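The values are calculated or read from the model by the stated rules, or taken from the named source; none is laboratory data. Source: prediction; values computed, not measured. With ideal geometry, Cβ positions are generated from the backbone for all residues, glycine too; neighbour counts draw on all protein chains shown. To get the accessible areas, we keep the full protein, side chains included, count just its heavy atoms, and leave off ligands, DNA and RNA. Shrake-Rupley method; radii C 1.70, N 1.55, O 1.52, S 1.80 Å.
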Amino acid sequence: MKLLKRFSSTSFYYGSVKNLFNKRNRLEIGSSFPYPNTTDFYNKEIDLTKTKGRTVYMFLYAPEDAHLDHNFLNWNSFYLKHRGEDARFITIGLGTDRVRAVFQEVFIKSQIAGSHLSTSPKEARKLLKDLSIGYVPKVIKVDENGNIISFNVDANLQEFNPFENISLVKIWQKELAQRF
C-alpha cells in the first residue's frame, strides 16, 4: 500500500505495484476471521473469540467517514431485518481509541444496534490488511466456528477509503447525537 500511494501518480510504476499487491496472500470465504484486539468504550479488553458458537455480523467503520451518521442508520435498518436470526451484532470502530470519549457518548445517547468495540489505529490497519479491505464500512458475516461467510454483506452503506489522509475534522459528538 505504501508503494501504491508513492507511485500511483506515475502510470509506468502503477502496473508493477498493482501486480505485487494482487499477489499477496488473502483470506477467502471459509477462512478464520482474524480477531483483532478490541476494547469496549470503557477501555475494558474484549475477547472476540468468545463470540464463537453463534453467527456474528461485524460492522467495521472508520471515525473519519463523512457518511457515518447515514451508515449507522443503515446498520440499524440491517439489524432490524436480521434480528430474528440467532446472531450477534457487533460494531468495531477502526482506530476509535483516539476518540473514545466522543463515541462513548454517541453510543450512550443514541440507539445504535449491537455491542460497540474499539481498536487502536495500528490494530485497525492490521485488520484491514489481513482482510484485504480497501473501503469501509463493511459488514462481515462470521459463522459459529469463527469462519468468514461473507466479506461484504449488503447493508446499503456508503463506502469510504480509510487509507486517505483525512483528519478527524468533524466533531461526531454533536452531529451524531442530534440525529439519533
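Picking from residues in the stretch 164-176 that are of a type in the set (A, V, I, L, M, F, W, C) and surrounded by fewer than 16 Cβ atoms within 10 Å (Cβ to Cβ), the one that is modelled with the highest pLDDT is 166. Per the conditions (1) at negative phi; (2) under 16 Å from the mean Cα position of the chain (by Cα), the sole criterion not satisfied by residue 95 is (1). For the stretch 103-160, residues that are open to solvent by less than 60 Å² (accessible area, probe 1.4 Å), hydroxyl-bearing (Ser, Thr, Tyr) and within 11 Å of the chain's Cα centre (by Cα) total 2.
Taking first residues from the stretch 63-90 that are aliphatic (A, V, I, L, M) and partners that are assigned to a loop (DSSP other than H, G, I, E, B) and surrounded by 18 or more Cβ atoms within 10 Å (Cβ to Cβ), the Cβ contacts under 6 Å between residues at least 6 apart in sequence or on separate chains come to 90/114. Of the residues making up the stretch 47-65, those that are crowded, with 22+ Cβ neighbours inside 10 Å and more than 15 Å from residue 120 (Cα to Cα) are 56, 57, 58, 59, 65.
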